[in-house]
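> Have a look at this one.
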Amino acid sequence: MKRQPQITQIKNVNNFFILLVKNLCICAICGFKCFFTSLDFTSSDLLADGLEAKPVWEMSTREASLARIVLKIAQESYPEIDREQYIEKLNTIIKNIKTVLNDEKEPEKIIKTINSILFKELKFQYVQKGGLEYISLHKVLDTRVGNCEGLSILYLCIAEELHLPIYGVSVPEHIFVRYDDGDFRKNIEIGYEGMATPDSYYVNMPGKRISQMSIKKGYYLKNLTMDEVIANIYLNRSIIQKEKGNIENALKDVNRAIELHRNDAVAYCNRGVIYEKTGNVEYAIYDYNKSIDLNPDYAPAYYNRGSLYASMEKLDKAIIDYSMAVSLDPNSILSYYNRGIAFKMVGRVDLSIEDLSKVISLDHTFAAAYAHRGLAYAESCESEKAMSDFNKALEIDPNHAETYMKRGILHADLQRFDDAIKDLTTFIQCVPNNAFVYYIRAKAYRGKGEIEKSMADYDRVVELNPGMAGVYYERGQIKNQLEKPHEALMDFNASLELFPYNPLAYLHRGNTFKKLGEMKNALRDYLAYLKLNPNAPDAEEIKREIEEIKTNL
């Protein structure tokens, strides 16, 4: 499971945006998003003999047919369904298949008959979509539409009633079925109307590879028990619960999945995502590690762990994991993207540009990649390339506020103050309480000579973040320009209280004291200025000023 894009709130111009693709289950066969739901289980239902019903996940699969178990699971989300009605509906299909099969014993003909009736005669359709309706047996029977999970469950229910040796088979993020009587073995790919596929077809799927160790130990490509088939339902239900924000239920379902099938790397990876969402970082790391132990070739586990390390500012570890994800899945756009951002944060702007360029080559509509590459170009003093990337990012996504901020800062650096003010104002309209952007716009207004507007923005910065020493220093300069020396003095005092090592603040406060006739205080500040900055370009001038003050005291 990869992470869905999840942009974090801006903290400063170099904010690290980590895209999370943690909420998708991508079908390894056809690349579709395969979402599944998670449901609560109650013990309020009573059996016919008056005994209290067990929660579904605690039921022994020997006590009920697969169809009855999955319908019971579906009923937790669709309490109105009549399970017996759907058992009858399923039995009608089974009777039809049984009639056509007659006494057929040849496996190839049995498979061909079932496929023909399901996909040709009854026109059951495979969809590259996720959602509860595509995995719930009653919905699949009603609509004759299902994804890999829904159609595999249907196939297995039919096989069970016909006493056929057909099993579920799981590979990372996908399920299909297999006929296996010990002598004859054939994979049946539901995604392609029952087409036969060799095991090798599934082994090297980009991003979903299966290590030889995992195969030898029976973690994947083996015939599943009924418990393990049910585990797959819980796992995928957990994913859709997570999508809906029902984290508690998502965790319950993935725990059930792991209880029933302890060797599924995907389940641990998904639980790691859930733990991460709940702030249980240690548990998340443990589950990502466990996922990698079970299948060292599973790229999403490295990607997710890398993104978690990045959020913890362990960038070296993040880069290692992103690199592993890229080696296992060379077309992993998000791995290149996040590694590119991480490279920029550790000062390797050249490698950042290389990775972000790779992202753009794989997806030329990825606006955020242009925006971050633009920032990398700006840090490399390649202003025109940076501006081109910011423009492209906004052409693709004109509503992306952060890009207006970045482009506005670049305009300000290039002293294109009108353009800077326009972009920064657009950002402020979207994000009205970002002190940093008001600060940049204040400087742009000041650069244009619009002092009153600049002052208003400085006031807003102080209101939003009263702890920025540089803001008081710059506002103090403006107040001196406006002939408000007493107010300027208050700002210089505030600036030096927050940061007493700014020589220029002492210089300007000294000038203000001099303007107010407070020569002793002016002398003290001029001396502090030279102490902090003895090689200042105006050092000789200040020394003469000091001597003059001393003479007149």
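> How long is segment 206-260 along each principal axis, judged by its Cα atoms, biggest number first, in Å?
The Cα atoms of segment 206-260 stretch 36, 28, 12 Å along their principal axes.
> Given Cα positions, please report Rg to Rh for segment 393-481, the hydrodynamic radius being the Kirkwood one.
Result for segment 393-481 is an Rg/Rh of 0.99.
> So what's the convex hull volume per residue for the Cα atoms of segment 448-530, in Å³?
Per-residue hull volume (Cα only) is 81 Å³.
> Based solely on its DSSP helices, what 222 nm [θ] is calculated for the chain when runs of n ≥ 4 H residues each add -39,500 (n - 2.57) and the sum is averaged over all residues, nearest 500 deg cm²/dmol?
One gets -19000 deg cm²/dmol as the mean residue ellipticity at 222 nm.
> Still on this structure, please answer the following. Would you mind ranking 446, 509 by Cβ crowding within 10 Å, fewest neighbours first?
Fewest to most other Cβ atoms nearby, the residues stand as 446, 509.
> Assigning unit charges at the beta carbon (Lys, Arg +1; Asp, Glu -1) and nothing else, what dipole magnitude in debye, to the nearest 20, does segment 367-411 show about its Cα centre?
20 debye
> Of all the Cα-Cα pairs you can form in segment 56-293, what percent are over 22 Å apart?
Percent of Cα pairs beyond 22 Å in segment 56-293: 53.
> Let me ask something else about it. Using the C-alpha atoms of segment 241-313, what convex hull volume per residue, in cubic angstrom, is computed?
Looking at segment 241-313, the number lands at 77 Å³ per residue.
> Using 1/(1 + (r/R0)^6) with R0 = 60 angstrom and r between the beta carbons of residue 430 and residue 65, what's the FRET efficiency to the nearest 0.05?
Using R0 = 60 Å, I get an efficiency of 0.60.
> Using bins 10 angstrom wide from zero, how does P(r) for segment 267-360 break down, in % of all Cα pairs?
20, 48, 27, 5
> In segment 177-255, how many lysine pairs have Cα atoms under 24 Å apart, counting only pairs 8 or more places apart or on different chains?
Lysine pairs meeting both conditions in segment 177-255 amount to 10.
> Would you work out if segment 324-422 is rounded, prolate or oblate? Take a ≥ b ≥ c from the square roots of the eigenvalues of the alpha-carbon gyration tensor; rounded if a/c is under 1.5, else prolate when a/b is larger than b/c, oblate otherwise.
In terms of gyration-tensor shape, prolate.
> Apply the Kirkwood formula to the chain: the hydrodynamic radius equals the inverse of the mean of 1/r over all pairs of different alpha-carbon atoms; give it in Å with one decimal.
Over the chain, the inverse of the mean reciprocal pair distance is 27.8 Å.
> Under 17 Å between alpha carbons, and skipping anything fewer than 8 positions from residue 453 in its own chain: which lysines qualify?
Hits, sequence-local ones excluded: 422, 443, 479, 484.
> What shape does segment 97-169 have by the C-alpha gyration tensor, where a ≥ b ≥ c are the square roots of the eigenvalues, rounded means a/c under 1.5, and otherwise prolate means a/b greater than b/c and oblate the rest?
Here segment 97-169 falls in the prolate category.
Read-outs throughout are calculated quantities, based only on the coordinates presented, and are distinct from any laboratory measurement. Treat the numbers as computed from the prediction; the structure is a model and nothing was measured. Every residue, glycine as well, gets a Cβ built from its backbone with ideal geometry; the counts of neighbours run over all protein chains shown.
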